[in-house]
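Enquirer: Following this message is one structure expressed as structure tokens.
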Amino acid sequence: MIKRADLSIVPLTFKHPIVTAHAVLSVRRTLILRLETVDGVVGYGEGVAFETPWYTEETTQSMIDTSKLILHLLKGMTVTTDVFPTLVSSVIGQRMAKAMWESALWEIEAARANMSLKSYMKARDTVSCGRTIGIGLPHQTMNSIEAALSDGFERIKLKASPNELLPALREIRAVFPDAPLMIDLNGSASDQPIEWFEQIDAHQLLMIEQPYPSRQFAKSATLQQKLKTPICLDESITSYDDVETMTQLGAGKIVNIKPARVGGFSEASLGCMNPESEGITRFYSLRSAARAFRRICRERALTSNKICSIHRSRSRMGS
């Protein structure tokens, strides 16, 4: 049973600002959940929603509010990752908050089994990795791409607004004609004509990620029929039903599976979330703030970052 839950904000400052189609990010304030059981076993989970709802409808504050409800639902229960989805099924949506809690439960189970989380979840030893680069000043962008290639990254994701993207791609391809590039539009290209996408298509990209808003599957399917470059869906995929819709409509060829966006590792790893049999490629995207949080925990008490402590019998807000 859960004894207490502590929520803390961990600010992660980027070495270089991340430019997306919607914003410029210099600091990522991530919510970290610390769960402690009645017998003293501790697990951590990461809440990856942003402070404002530009990526999904969830926010940092909504995860805090949902966490109080989740703890109430788990009161007095023996909770495992197997039963957790059922226990919180009355909470509609709020997948990132659920994933945060489930991640902490996975770590608790691994600790009880005296295993590392990697071994307990039967994870691979290594995975291919990409780097995200926000398009900025030309020399900065070129230097960042050159550094990423030198470091051995297997793909480079470019983020920018649609108006900036095409001129930047022309300049980048003139210098790096064979670099493994992809672009992420974060649903911002609804107003772009097919001719714009055809010019993008000519730059031999690995994929075009999320060209349209999340629920525009039919529009994405029409676009995919006209492009050679695979479309990757990200924000559109929140469950197996979305993968099935994508497959049946031909709305893309690659799925970006983020455990937090689909409600946790259990949902992400279900056989029904494995679309390879349908000719859909998986593209995993994970975050590492929880690892940074553990390092920070060793360095200081985090009292200034703690925003909420929730106990089985009561809840209170702290500074």
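Enquirer: When the range 197-214 is examined, which residues are found to be among the small types (Gly, Ala, Ser) and under 17 Å from the mean Cα position of the chain (by Cα)?
Expert: Ser214
Enquirer: Considering only residues that are open to solvent by less than 30 Å² (accessible area, probe 1.4 Å) and outside any helix (DSSP H, G or I), which ones fall in the range 215-229?
Expert: Selection gives Leu227, Thr229.
Enquirer: Exactly one condition in (1) within 19 Å of Arg261 (Cβ to Cβ); (2) in contact with a strand residue (DSSP E or B) (Cβ under 6 Å, 6 or more places away or on another chain) is false for Ile70; which is it?
Expert: Unmet for Ile70, out of (1) within 19 Å of Arg261 (Cβ to Cβ); (2) in contact with a strand residue (DSSP E or B) (Cβ under 6 Å, 6 or more places away or on another chain): (2).
Enquirer: On the basis of being buried (at least 22 other Cβ atoms within 10 Å of the Cβ), part of a helix (DSSP H, G or I) and at pLDDT 90 or above, does Ser62 make the cut?
Expert: no
Enquirer: How about the range 67-85: which of its residues are assigned to a helix (DSSP H, G or I), surrounded by fewer than 22 Cβ atoms within 10 Å (Cβ to Cβ) and touching a residue at least 12 places away in the same chain (Cβ under 8 Å)?
Expert: Lys68, Leu69, Leu71, Leu73, Leu74, Pro85
Enquirer: In the list Val27, Val88, which residue meets the criterion of being in contact with a Phe, Trp or Tyr (Cβ under 8 Å, 6 or more places away or on another chain), without any contact (Cβ under 8 Å) to a residue 40 or more places away in the chain and either under 13 Å from Gly263 (Cα atoms) or among the small types (Gly, Ala, Ser) (or both)?
Expert: The match here is Val88.
Enquirer: Can Thr141 be described as of a type in the set (Ser, Thr, Tyr), open to solvent by less than 10 Å² (accessible area, probe 1.4 Å) and closer than 21 Å to Val24 by Cβ?
Expert: Taking the combined requirement at face value, the residue satisfies it.
Enquirer: Would you check if there is a residue in the range 169-181 being under 21 Å from Leu25 (Cβ atoms) and within 20 Å of the chain's Cα centre (by Cα)?
Expert: Scanning the range 169-181 turns up at least one residue that is under 21 Å from Leu25 (Cβ atoms) and within 20 Å of the chain's Cα centre (by Cα).
Enquirer: Against the definition (open to solvent by less than 80 Å² (accessible area, probe 1.4 Å) and modelled with pLDDT of 85 or more), how does Met246 come out, yes or no?
Expert: It is true that Met246 is open to solvent by less than 80 Å² (accessible area, probe 1.4 Å) and modelled with pLDDT of 85 or more.
Enquirer: Quick check: anything in the range 117-127 open to solvent by 20 Å² or more (accessible area, probe 1.4 Å), small (Gly, Ala, Ser) and within 23 Å of Ser239 (Cα to Cα)?
Expert: Within the range 117-127 (the criterion being open to solvent by 20 Å² or more (accessible area, probe 1.4 Å), small (Gly, Ala, Ser) and within 23 Å of Ser239 (Cα to Cα)), the answer is yes, since at least one residue qualifies.
Enquirer: Oh, and also: Checking the condition modelled with pLDDT of 90 or more and open to solvent by 10 Å² or more (accessible area, probe 1.4 Å), which residue from Gly45, Gly40 passes?
Expert: Only one candidate qualifies: Gly40.
The values are calculated or read from the model by the stated rules, or taken from the named source; none is laboratory data. These numbers were taken from a predicted model, which means no experiment stands behind them. In this analysis, Cβ positions are derived from the backbone assuming ideal geometry, glycine residues included, and neighbour counts consider all displayed protein chains. Side chains are part of the model used for accessible areas, which takes the heavy atoms of the whole protein and leaves out ligands, DNA and RNA. Shrake-Rupley method; radii C 1.70, N 1.55, O 1.52, S 1.80 Å.
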